[in-house]
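To start, the structure under review is shown below, and the notes come after it.
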Amino acid sequence: MLAFFRFLAGTFLLIAVIAAVYDGTRSLGTGGLAMTSLIEHWSRLSPALLNAAQGAVARVTHPLVWEMGLRKLLGVPAWAAFAFLGLLCAYAGRRRRRVNVYAN
């Protein structure tokens, strides 16, 4: 299980670096700061899946859950979200320090 978390950590951190390079390249091209959010990437990659997810959340919960909660959560820059997930998985997949306990 630890190896799986380490693999996920590497994958998420790689995606974070790719997203940061993408945003950096766009920033240099436009002359200003340009950061792409998760929802922008998602809408470019698969708009049908984004609409299906929005409909499913609205059907299962309340439509405001999508508008007030998930839309704000998906509005963070993609590199920051994937870096956070990568660091979280790296922490979960770290090797634990072995502690020797001796009882007298």
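Scan segment 49-62 and give yes if some residue there is within 23 Å of Cys89 (Cα to Cα) and among the β-branched types (Val, Ile, Thr), otherwise no. No; the residues of segment 49-62 include none that is within 23 Å of Cys89 (Cα to Cα) and among the β-branched types (Val, Ile, Thr). Only residues that are in contact (Cβ under 8 Å) with a residue 12 or more places away in the chain and either more than 21 Å from Ala34 (Cβ to Cβ) or in contact with a strand residue (DSSP E or B) (Cβ under 7 Å, 6 or more places away or on another chain) (or both) were counted in segment 57-76, giving 6.
Of everything in segment 36-56, what is in contact with a Phe, Trp or Tyr (Cβ under 8 Å, 6 or more places away or on another chain) and either in contact (Cβ under 8 Å) with a residue 12 or more places away in the chain or within 19 Å of Pro77 (Cβ to Cβ) (or both)? Give them in sequence order.
Narrowing segment 36-56 to residues in contact with a Phe, Trp or Tyr (Cβ under 8 Å, 6 or more places away or on another chain): 36, 49-50, 54.
Those that are in contact with a Phe, Trp or Tyr (Cβ under 8 Å, 6 or more places away or on another chain) and either in contact (Cβ under 8 Å) with a residue 12 or more places away in the chain or within 19 Å of Pro77 (Cβ to Cβ) (or both): Thr36, Leu50, Gln54.
Anything in segment 77-104 that is under 22 Å from Leu8 (Cβ atoms), loosely packed, with under 12 Cβ neighbours inside 10 Å and without any contact (Cβ under 8 Å) to a residue 40 or more places away in the chain? List them, or say none.
Pass one, segment 77-104, residues under 22 Å from Leu8 (Cβ atoms): 77-97.
Right, trim to loosely packed, with under 12 Cβ neighbours inside 10 Å and you get 91, 95-97.
Hits for segment 77-104 are Tyr91, Arg96, Arg97.
Computed from the coordinates by the stated procedures, all read-outs in this text should not be read as laboratory data. In this text the structure is predicted, and so the values were computed from the model without any measurement. In this analysis, Cβ positions are derived from the backbone assuming ideal geometry, glycine residues included, and neighbour counts consider all displayed protein chains.
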